[in-house]
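Report on the following structure.
The values are calculated or read from the model by the stated rules, or taken from the named source; none is laboratory data. Just so we're clear, the structure is a prediction, and the values are computed from it rather than from any experiment. Using ideal geometry, Cβ is built from the backbone for each residue, glycine included, and neighbour counts are taken over all protein chains shown.
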Amino acid sequence: MTHRSARARAARLVAGHDERTAAAMRTRLGRISGGSAPRVIGSRPGRATLIVAATVAAATLAGGTGAGASSAAATRSCSAVAAAQLAAWAPDTAGAIAYAHRRHGDISFAVRAGTRVWGYRSHHVVVTASVLKAMLLVAYLDLPSVRNRPLTRADTALLTPMIRRSDNTAATRVVAIVGDRRLVALARRVGMRNFRPASIWGLSQTTADDQARYFLRIDSYVAPTHRGWALGQLASIIRAQRWGIGRVPLAGWSLYFKGGWGSGTGRVDNQVALLVHGCSRVSVAVMTMDDGTHAYGTQTLYGVMVRLLARLPRYPHPTGAG
């Protein structure tokens, strides 16, 4: 039986059954495959759960039994289960927009999951501030003189403080090394529409849509030799700068992010993030300007982020980008 026909057969098996029947089928499928059927923790019961059950059935029917078949089934079900989860999830954009309307300042955001996009004023042009440093990181690691060799102590001494504690002196040095041309080339690779570098790098222009597009697959733009290391930097922002999304409960999701702010003035407070659990990826960019104070800006970031991500499925254990 082909994988496609098995999937169709499994879908027919579960289509139209209620949640109790679906649960019983998941139990039987678990016994057939030698383990428990996948469960989407925190998701609403119904169609998404049935899709997951159908996926496991398809993998089992097509793959047979045994260690090799189980491994192949797990690989197939991974991407299919992730697709089902993403298809069932949507950010609470209405709640986030209502909250934004109650705040002063200039607010925009964008969210991406797979090919789906949500946003509020997502093409509104803003200044990057230090979120540009995530682009500087990738541009540096993709230099011909860097991409295929191990990083040196000098490389890490430059890049680590630029990302983890947002060191501006290090960023200025990296800008001098990579130049505007490489930043523009990276923006084109990503498909950004509104990125413009500036002589004062923190005043470079971008949009929430540009940055959410970039972060969704940020590791794919890094030279393969350095992908794990680059993500490790974005996962290790110092505690003192983990406001906004850094305080949002994200059970089971690995968080990679970068913030940018106007030296505590409240002129700019931006955050861009990638959330990963297994095959599932969600990127979110929230950009604010004219907040009045930095404290007010970080409150706005948290308020928008926590509403956008409130419905995100929860898992018992995180898994990062591979």
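The table that follows gives values for the structure above.
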item	result
Only listed residue being free of Cβ contacts under 8 Å to residues at least 60 places away in the same chain, in the same structural domain as Q241 (by TED's automatic domain parsing) and more than 23 Å from T288 (Cα to Cα), chosen from R188, R149	R188
Considering residues of the range 248-270 that are in contact with a helix residue (DSSP H, G or I) (Cβ under 9 Å, 6 or more places away or on another chain) and under 18 Å from D92 (Cα atoms) only, the residue modelled with the highest pLDDT	V248
Residue under evaluation I245, criteria (1) of a type outside the set (G, A, S); (2) in contact with a strand residue (DSSP E or B) (Cβ under 8 Å, 6 or more places away or on another chain); (3) surrounded by fewer than 18 Cβ atoms within 10 Å (Cβ to Cβ), criterion not met	(3)
Residue tally, condition buried (at least 24 other Cβ atoms within 10 Å of the Cβ) and at pLDDT below 95, over the range 292-315	1
Failed condition for T225, given (1) surrounded by fewer than 19 Cβ atoms within 10 Å (Cβ to Cβ); (2) in contact with a helix residue (DSSP H, G or I) (Cβ under 7 Å, 6 or more places away or on another chain); (3) more than 26 Å from M305 (Cα to Cα)	(2)
Every residue from the range 186-221 that is exposed (fewer than 14 other Cβ atoms within 10 Å of the Cβ) and more than 30 Å from W253 (Cα to Cα)	A198, S199, I200
Residues satisfying the stated conditions in the range 248-260, i.e. crowded, with 20+ Cβ neighbours inside 10 Å and either polar (S, T, N, Q) or under 19 Å from Y214 (Cβ atoms) (or both)	W253, Y256, F257, K258, G259, G260
Only one of L143, L186 that is assigned to a loop (DSSP other than H, G, I, E, B), over 26 Å from W243 (Cβ atoms) and at pLDDT 95 or above	L143
Counted residues, the range 271-304 - those being touching a helix residue (DSSP H, G or I) at 6+ places or on another chain (Cβ under 6 Å) and either within 16 Å of A129 (Cβ to Cβ) or not assigned by TED's automatic domain parsing to the domain that holds G244 (or both)	10
Selected residue (criterion: surrounded by the fewest Cβ atoms within 10 Å (Cβ to Cβ)) from residues of the range 114-146 that are over 21 Å from L308 (Cβ atoms) and among the charged types (D, E, K, R)	D142
